[in-house]
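Let me begin by presenting the structure, written as structure tokens, before commenting on it.
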Amino acid sequence: MQMIGILVFEDVEELDFAGPLEVFGTAARLGADCQITITSEDGKPVRARNGLKIIPDCSFDNLPHLAILIVPGGLGARTHARANPRILQLVRGQTGIVASVCTGALILAAAGVLDNRPATTHHSAFDMLREYGSISVRENQRWIIEGTIATSAGVSAGIDLALALVSSMWGTAIAQAVADNMEWNSTQWRVRTKTVGIVGGISPESTIDYYRFIIEGYREQKKDGSYPLIIINSINLQGLVDAISSGEAGKVVDYLLPELHKLGKAGADFGLLAANTPHIVFDELQRQSPIPLISIVQATCDAAKALELKKLGLLGTRFTMQGRFYPDVFAKAGIALVVPELEEQVYIHDKYMSELVNGIFLPETRERLLTIVDRLKAQEGIQGVILGGTELPLILRDVTGHGIPFLDTTRIHVGRIVAQLLS
């Protein structure tokens with residue numbers, strides 16, 4: 001039985017929670033294996049914005065494990081709810097889907113779960129959502145589902161989002177039956193097949209892996225024999241290396257942004273950079289990109305958090321090992337990163353650029369890399385290592401006997417991409 005939790009608080013907007021409540025309640029009556037529970041911080045009744053008195057089923061302390069948490073908006077979301085530590089902790093602690101309706105997105109933003117993600121909200125709150133900085137605000141989208149995080153536009157859009165979630169979990173037929181029962185004539189809840197756009201060729205070897213792994217992961221979950229829609233824009237690696245080597249972030253953005261526009265014009269619904277190092281300018285690209293982007297760094301951070309790792313080694317190009325784009329994201333999750341000593345960084349970068357990106361994988365290089373990992377474990381106490389270059393898994397695949405997990409950023413990134421394709 002899938003539990004659907006609906007958060008309520010003082011001055012919550014009635015339709016923000018009542019719309020999804022009606023959708024999931026009707027879905028349950030029509031055969032979906034779901035049950036609804038309404039929760040408030042202390043389990044005591046709350047009064048909605050227009051005076052409706054709501055009697056919750058439970059407090060946060062007694063809340064069962066949820067498949068979906070609905071976070072409504074309203075005056076309370078704009079004011080006290082997004083500043084309530086217990087509500088923010090509830091949102092952060094969810095392992096299932098967290099879905100906001102209307103200005104409920106402000107609560108998700110305050111909890112940090114919208115960082116580096118696209119999101120929408122009520123049209124009057126776009127500027128408030130932008131104040132959180134790293135969120136890509138989408139003004140013309142009725143709803144957005146990206147992995148386990150979903151947001152919707154104002155008030156009635158929550159019904160479309162709830163129907164989309166029903167469709168993704170229990171099928172279009174049940175969702176349509178719910179819409180018919182509710183006499184809901186909007187078709188904006190329907191989930192269409194998505195297309196992913198890849199900025200690849202950085203390097204060619206790992207781009208091939210992205211293509212194969214996305215298809216493999218998609219077909220493992222989609223049992224109808226279909227294949228994912230993929231657009232690959234293979235760019236000149238040397239041009240990117242030159243831009244990054246200049247040390248000027250603006251040149252890197254100027255080099256990559258037109259390639260993202262090409263993907264958007266070709267019909268991609270969302271995109272990615274098939275390498276770690278270009279994420280040095282990910283935040284700026286996300287802000288200017290015509291399509292939502294999925295971050296390899298954020299996906300890896302989420303994976304490390306799920307494994308409850310607190311201290312990790314980081315291998316990659318010197319731009320990755322010496323940059324701030326990994327530590328800044330991981331610090332927010334309370335995870336410390338350790339990089340190799342300078343001499344080791346020089347070795348790793350040289351082998352990365354002269355061998356790995358050219359498809360050369362030598363056993364002596366593999367052994368030296370593993371020796372560096374072992375030293376970091378023994379002397380720095382790392383609990384795992386991030387393969388922060390998409391070519392590193394090609395030489396360090398199937399590593400055993402070292403007592404710590406090797407986080408394959410390519411595989412982790414692909415997992416997030418497949419989830420988005422299927423959402």
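Observations on the structure shown:
- Label-point separation, E183 to E364 (7 Å along Cα→Cβ), nm: 8.0 nm
- Cα-projected label distance for N140 with R324, points at 7 Å along beta-carbon direction, nm: 3.4 nm
- Square roots of five times the Cα gyration tensor eigenvalues for the range 2-182, Å: 22, 19, 15
- Quotient of C-alpha Rg and 2.2 N^0.38 Å, computed over the range 297-413: 0.97
- Panel order for F24, F406, by other beta carbons found within 10 Å of each beta carbon, from fewest to most: F406, F24.
- Net charge of neighbours whose Cβ lies under 9 Å from the Cβ of Q298, counting Lys and Arg as +1 and Asp and Glu as -1: 0
- For the pair the range 240-257 and the range 24-100, the centres of their Cα atoms are 44 angstrom apart.
- Working note: Debye formula, equal point scatterers on the alpha-carbon atoms of the chain, no solvent; log10 I(q)/I(0) at q = 0.11 Å⁻¹ is -0.86.
- For D11, D224, the sequence from fewest to most other C-beta atoms within 10 Å is D224, D11.
- Where the alpha-carbon atoms of the range 91-157 are placed on the principal axes, they occupy 29, 25, 16 Å, in descending order.
- Computed over the range 69-111, the ratio Rg/Rh where both radii use C-alpha atoms and Rh is Kirkwood: 0.92
- Estimated purely from DSSP H runs of n ≥ 4, each contributing -39500 (n - 2.57), the mean residue ellipticity at 222 nm for the chain is -13000 deg cm²/dmol once divided by its residues.
- Candidate cross-link partners of K44 among the lysines, defined by an alpha-carbon separation under 24 Å and a same-chain spacing of 8 or more, comprise K53.
- Across K251/K351; K194/K223; K194/K262; K194/K305; K310/K377; K305/K332, pairs whose alpha-carbon gap is larger than 20 Å: K251/K351; K194/K305
- Computed extension length for N50-L342: 98.9 nm, one decimal, from 0.36 nm per residue of separation with the Cα-Cα distance subtracted.
- Exposure proxy ranking, count of Cβ atoms within 10 Å, fewest first, for T409, T148: T148, T409
- Backbone phi angles across the range 196-201, fed through the Karplus curve with coefficients 6.51, -1.76 and 1.60 (θ = phi - 60°), yield HN-Hα couplings of 9, x, 10, 7, x, x Hz in residue order; Gly and Pro are listed as x.
- Efficiency of FRET between K311 and E248 - r from beta-carbon atoms, R0 41 angstrom, step 0.05: 0.80
Here, each number is a calculation from the coordinates, and none is a lab measurement. What you see is a predicted model, and the numbers here were worked out from it, not measured in a lab. We place every Cβ from the backbone using ideal geometry, glycine too, and count neighbours over all the protein chains shown.
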